[in-house]
Structure formats: C-alpha cells, structure tokens
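> Provided herewith is a single structure, encoded as structure tokens, for subsequent inquiry.
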Amino acid sequence: MSTIDPRVSDLSAASAPGSLRRGRRYWSVSDLVMVGTFAALAKVTGLLIVLFGGGMNPVTLMASSIVSTALLLVLLHRVQRLGTLTIFLLVSAVVDILILGGNPVRIPASLLAGVLAEGVIWLLGGYRRMVGLLIGIAVHEFLVRAISLGVGALMVREEPRLLMMVAAVVTLSYLGSLLGLWLGRRFIQELRHAGIIHH
C-alpha cells in the first residue's frame with residue numbers, strides 16, 4: 001500500500017491555481033465603487049435640490065450643502081482609508097465637468113483643500129476617529145470657500161456691494177456644511193443602531 005509524503009501533498013496544494021496568498025490591496029473594489037456612488041449621489045442630489053427649490057437661492061444653497069456634507073461624512077466613516085477624500089473630490093470633479101457642465105477652474109483649489117484636510121485628519125488620529133473626520137471636513141469646506149471668496153474678491157474688487165453679496169452666499173453655504181456634519185453624525189449613529197455600520 002503506497003503512502004504519500006505529507007510534504008509533497010502540501011507543496012502541490014500550495015502550488016495549485018488560486019491557492020497562492022496575495023497581499024491585501026489598499027483599495028478594494030467595493031470601496032472604490034462606494035466612493036464613486038457617493039460622489040455621484042452628492043452631485044445629483046444637490047442638483048435636484050436646486051431644481052425643485054426654484055433655482056439657486058439661500059434655502060437651496062444651504063440644503064445642498066447640508067446633504068452633500070452629510071453624505072461625505074458617512075462615506076469617510078464607512079471607507080476608512082487615507083486618501084478617500086481626495087478620490088471623492090476627483091470623482092466629483094469628473095461628474096461635475098462631464099455631466100453637469102461644471103467649471104474646471106475650481107478643481108485645483110478643491111484638491112488642494114482636500115489634501116490639506118487629509119493631513120488634518122491624519123494628525124488627529126486618522127479616519128477611525130470621528131473628531132478627526134469632523135474637523136477635517138470642516139477645514140476642507142472652509143478652505144474651498146475661502147479660496148472661492150478670494151477669487152471673487154479679485155473679480156469684483158471695484159464693486160464692494162457685490163463682494164458683500166458673495167461673502168454672504170459663501171457664509172451661508174458654510175453654515176449649511178456645518179449643519180451637514182451634525183446631520184451626518186446623527187445618521188451614522190442611526191446606521192450603527194440598525195446594524196448597518198459596525199465600527
């Protein structure tokens with residue numbers, strides 16, 4: 001009766017197709033799909049709010065900021081990977097340009113603010129700390145609006161009244177983002193209670 005050397009069987013099992021262990025990728029397919037889905041959802045939802053709200057006005061502007069910031073917070077809490085915010089901004093820019101006809105001039109400012117916000121999140125403990133996420137997103141939203149306000153000030157520097165109007169719109173939008181952070185945190189708590197999010 002023939003016997004098989006265990007070492008030979010282990011070697012053949014290890015060399016079988018599909019049995020080799022591969023290193024875990026930093027980005028999984030599901031994470032990238034989720035980032036793209038949330039980016040498109042935030043853009044489309046903001047557009048629908050403006051359309052159904054009768055155009056761009058203080059109410060629709062604040063509501064759009066609330067929804068987009070809340071979705072961003074949920075995404076960053078769900079996909080806890082350094083760089084998620086930057087990829088989200090890239091996908092949002094692509095969706096904005098190709099589908100919504102946005103202005104590509106704002107992309108560098110948004111990406112720069114995103115990279116700085118990523119650094120703030122990392123310094124405050126990474127994506128696993130809610131405090132870091134809240135402050136990081138708040139920093140990003142503030143920087144984007146500060147850059148936009150600076151550009152607007154250069155364009156309308158000879159019309160102080162227009163500058164005041166731009167500043168009021170930017171401030172209102174930022175207040176909506178802060179409310180969106182509060183709403184997003186409450187939504188995450190509800191998802192935890194429902195068992196959809198486990199961390």
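> Does Val67 satisfy the criteria of being over 17 Å from Gly126 (Cα atoms), at pLDDT below 90, part of a helix (DSSP H, G or I) and hydrophobic (A, V, I, L, M, F, W, C)? Reasoning before the result, please.
On the way: over 17 Å from Gly126 (Cα atoms): yes; at pLDDT below 90: no; part of a helix (DSSP H, G or I): yes; hydrophobic (A, V, I, L, M, F, W, C): yes.
No, not satisfied.
> Tally up the residues in the stretch 23-51 that are polar (S, T, N, Q) and open to solvent by less than 70 Å² (accessible area, probe 1.4 Å), please. Talk me through it step by step, then tell me what you get.
The initial filter retains those residues of the stretch 23-51 that are polar (S, T, N, Q), namely 28, 30, 37, 45.
Those still in the list that are open to solvent by less than 70 Å² (accessible area, probe 1.4 Å) too: 28, 45.
Selection size over the stretch 23-51: 2.
> Please enumerate the residues belonging to the stretch 111-126 that are open to solvent by 10 Å² or more (accessible area, probe 1.4 Å) and in contact with a Ser or Thr (Cβ under 8 Å, 6 or more places away or on another chain). Please lay out each step first, then the result.
Pass one, the stretch 111-126, residues open to solvent by 10 Å² or more (accessible area, probe 1.4 Å): 111-112, 115-116, 118-120, 122-126.
Within the stretch 111-126, Leu111, Val115, Glu118 meet the criteria.
> Of the residues in the stretch 63-84, how many are more than 18 Å from Arg185 (Cβ to Cβ) and not small (Gly, Ala, Ser)?
Count: 2.
> While we're on this one: Would you pick out the residues in the stretch 152-196 that are surrounded by 15 or more Cβ atoms within 10 Å (Cβ to Cβ), at pLDDT below 85 and charged (D, E, K, R)?
none
> Name the pairs whose Cβ atoms lie under 7 Å apart, with the first residue in the stretch 115-129 and assigned to a helix (DSSP H, G or I) and of a type in the set (Asp, Glu), the second open to solvent by 50 Å² or more (accessible area, probe 1.4 Å) and at pLDDT below 90, and 6 or more positions between them or separate chains?
Glu118/Leu82
> Right, another one. Condition (residue is open to solvent by 60 Å² or more (accessible area, probe 1.4 Å), in contact (Cβ under 8 Å) with a residue 60 or more places away in the chain and more than 17 Å from Val144 (Cβ to Cβ)) applied to the stretch 67-90: is it met by at least one residue?
Filtering the stretch 67-90 for residues open to solvent by 60 Å² or more (accessible area, probe 1.4 Å) gives 78, 82, 90.
With in contact (Cβ under 8 Å) with a residue 60 or more places away in the chain added as a condition, the list becomes 78.
Within this subset, residues satisfying the condition of being more than 17 Å from Val144 (Cβ to Cβ) are 78.
Yes: the stretch 67-90 contains one or more residues that are open to solvent by 60 Å² or more (accessible area, probe 1.4 Å), in contact (Cβ under 8 Å) with a residue 60 or more places away in the chain and more than 17 Å from Val144 (Cβ to Cβ).
> Quick check on the stretch 93-110. Is at least one of its residues at pLDDT 80 or above, buried (at least 19 other Cβ atoms within 10 Å of the Cβ) and of a type outside the set (D, E, K, R)?
Within the stretch 93-110 (the criterion being at pLDDT 80 or above, buried (at least 19 other Cβ atoms within 10 Å of the Cβ) and of a type outside the set (D, E, K, R)), the answer is yes, since at least one residue qualifies.
The values are calculated or read from the model by the stated rules, or taken from the named source; none is laboratory data. Small disclaimer: the values here were computed from a predicted structure and weren't measured. Cβ: placed from backbone, ideal geometry, glycine included. Neighbour counts: every protein chain shown. Surface areas here come from the heavy atoms of the whole protein model, side chains and all, with no ligands, DNA or RNA. Shrake-Rupley method; radii C 1.70, N 1.55, O 1.52, S 1.80 Å.
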